[in-house]
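Scroll down for the structure; my scribbles are underneath it.
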């Protein structure tokens, strides 16, 4: 399996883009990544997207976007794995280049959610859950996570305010990210006073939807060289695993088995351990998911995710900085694009391009994208090339 | 790039399956393929599907189906490229195994279309075209193909009846395929008298929608051996290419540029030529697509596809047998599953399992799956292993 490197990244602001179509957003991110990579052309274009067939009445985004960005002729298709669609498109690009099937590939995650009635978006988000056993019974994504959070609080003795640091940290970091949806510092008081969405999840526990696109370009490592002032970044691991799609089918719903499994595979593939990870862009769609992700990936003991956050260890100066560009909570969560935002943000850190939230001595970064309530989890580890 | 072989296939009948869910259909095909392969477990499950998010209110089919068939833990996602989603899932499986990312992969194409109002299905099919420049102007898939067929007849001097052999051949072959939707022989008179759908396309030019699933399992060739009475089949080429998504953006709308490009890549990759192909499962969603596919892939001169059909060369006894199990026209076209049906049918021919339509001396077969009106085309070549 030949090694693969990222040589270009691009993104748009996460926002309500009333003046941009789905195609504009994907094109803006993809063309930015191309310019950044120095390439004029790629062999393949893989698109991560969840709901354009419903929200935008446009499927077939592979051909749609390849055509738009001048890559007519390239191999294309869309990868969909609900909220982990972005990382699935990147994983496809990595496998395509690693296999030798293509010599260069662009992965672009895109979602355009704010043009549609919110009821339709909520219903489409619920299509990531089990149609018969969950969504069909009236469960939405927020309610599934609310059940998990309430149970977690009960099992481990946490109070609502103990989850505040996840949101406070994400919003603080987003202040320095021009691509983030929110630029608004919050504190514990604001967190506690936010409107309740689905008890115990309030507005400050839940990531916002949005429109956005993020992209990256990969080629074989041995063909990658310094370009436009930045070095290539090695894809040290690319791994995926699933759990049951319905939460109630899990023996232990408070342990993200697929995060553990894909994380363990990624550690094994890269020869690294949690202690080697300098930055972790995790999937904080809800505060509870941030806590569970830290635990499943070896950064906190079971039930101790909030402790890590309360101790400041998730901040830029802590042991395992998360959401360094705002995370899903404050950068925003355009679902099919999110996995690509996470990857772009890790690459920014490894290149030293994270400006106001740049970490020091960062050599290795990890991104983890979750589809459904932990049912599909894709983990990537990136490493600086010496 | 390590070589990859097919060791298991499975399929359901294409039909109106009122008693089966999307999950049942995919599971039936996938479990049949597993049983056929002799494997108990696979590392990855890739699902080809176009419209379940709308037609079945269920996305995230990777986790959904992996869970259902007992492959919880496997890597999964869905590949979508409109009507070429099936072949896209197979290509993903090939790249995953070829890259060394996984040691075994299941590709399953599935579509469940007959539960939804037909208006919704027609609208969803149109999401494979350009939302702004085609579907948004009122064009459906039938009308796009009707424009192509009318122009083709004008350019090359063909009459309506000259397209009859495509449909007659497909229906004749489907008589022997228990998995085909239609078991009804037709003749030129019946073809000519069929109800008009969109002039000049009548019911006998257009493939029917349906519910169905088909699956295949791939592993590295060097690990494949004879199992359950059949030999492995080599994936000699796996190639994809795109054209513009909107038909009017093409310099020559009557030439399937992406079929030519992916076909040429496949010939080069396998070291074969059109003369070596013993069976060609092409994408006869409409008669005109069968004619254009034969021309773009080197089996007929420009404008001479109907001549090949009229001369009987597309029949089982002809130079290049097509639709040997009924094709899209008579086996049926459950859109996201179709590409996998084509692959399963080529493997049946190479294994000598095609019963009443078994070809003699068949060593090499080709399948070609088209997404949109020729905008994404994926070509596979399969070869017997000596």
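How long are the semi-axes of the equivalent ellipsoid of the protein assembly as shown, defined as square roots of 5 times the Cα gyration tensor eigenvalues? Whole Å, largest first.
Each semi-axis is √(5λ); the values are 45, 25, 24 Å.
Taking 0.36 nm per residue of separation and subtracting the Cα-Cα distance, what length does fully extending residue B:1 through residue B:187 add?
Computed gain between residue B:1 and residue B:187 is 62.2 nm.
Post the alpha-carbon centroid distance, the stretch B:242-257 to the stretch B:300-336, in whole angstrom.
22 Å
Smallest Cβ-to-axis distance in chain A, for the rotation taking A to B: which residue, how many Å?
Spelled out as residue then distance in Å, it is A:99, 2.
Using a label point 7 angstrom from Cα along Cα-to-C-beta, what distances in nm, from shortest up, separate residue B:156 from the other copies?
6.6
What residues from the stretch A:26-40 fall in the zone where the backbone N is under 17 Å from a label point 7 Å along the Cα-to-C-beta line of residue A:227?
A:29-40
In whole angstrom, how far apart do the alpha carbon centroids of the stretch A:2-37 and the stretch B:139-205 sit?
Distance between centres, Cα-based: 43 Å.
Quick one: grab the alpha carbon gyration tensor of the stretch B:130-262, order the square roots of its eigenvalues as a ≥ b ≥ c, and give me rounded if a/c is under 1.5, else prolate or oblate depending on whether a/b is larger than b/c.
Verdict is oblate for the stretch B:130-262.
Taking the convex hull of the alpha carbon atoms in the stretch A:219-366, what volume per residue do you get, in Å³?
Normalising the Cα hull of the stretch A:219-366 by residue number yields 128 Å³.
How far apart, in nanometres, would the label points at residue A:40 and residue B:276 be if each is projected 7 angstrom from Cα along the Cα-to-Cβ direction?
3.3 nm
If you put a point 7 Å past Cα along the Cβ direction, how far is that point for residue B:273 from the same point in each other copy, in nm, smallest first?
Result for residue B:273, in nm, nearest copy first: 6.1.
Distance in nm between label sites at residue B:122 and residue B:199, each 7 Å beyond Cα in the beta-carbon direction?
So the label points at residue B:122 and residue B:199 sit 1.8 nm apart.
Among A:46, A:267, rank each residue by its count of other Cβ atoms within 10 Å, from fewest to most, as a rough exposure measure.
Neighbour counts put them in this order, fewest first: A:267, A:46.
Find the relative contact order for the stretch A:255-386 and round it to a whole percent, using C-alpha pairs within less than 8 Å whose residues are 6+ positions apart.
Contact order relative to length: 31 percent.
Give me the percent relative contact order of the stretch A:148-234, please, defined on Cα pairs under 8 angstrom at least 6 residues apart.
It rounds to 21 percent for the stretch A:148-234.
Given an 8 Å cut-off on Cα distances and at least 6 residues of separation, report the relative contact order of chain A as a percent.
26 percent
What is the diffusion coefficient of the stretch A:1-114 in µm²/s, taking the Kirkwood radius over Cα pairs and the Stokes-Einstein relation at 37 °C with a viscosity of 0.692 mPa s?
235 µm²/s
Could you please rank A:151, B:57, placing first whichever residue has the fewest other Cβ atoms within 10 Å of its Cβ?
With the sparsest Cβ surroundings first, the list reads A:151, B:57.
How shielded is B:21-32 by partner chains, expressed as the average number of their Cβ atoms within 10 Å of its Cβ atoms?
Across B:21-32, the average partner-chain Cβ count within 10 Å equals 1.
Rg and Dmax of chain B, Cα atoms, in Å?
19.0, 57
Would you mind ranking A:183, A:154, B:171, B:380 so that the residue whose beta carbon has the fewest other beta carbons within 10 Å leads the list?
If I rank by nearby Cβ atoms, fewest first, I get A:154, A:183, B:171, B:380.
What FRET efficiency comes out for the pair residue A:16/residue B:115, r = Cβ-Cβ distance, R0 = 25 Å, nearest 0.05?
It comes out at approximately 0.15.
No lab work stands behind these numbers, since they all come straight from the coordinates. Note that this is a predicted model, so its numbers are computed, not measured. FYI the Cβ positions are ideal-geometry reconstructions off the backbone, even for glycines, and counts take in every protein chain you see.
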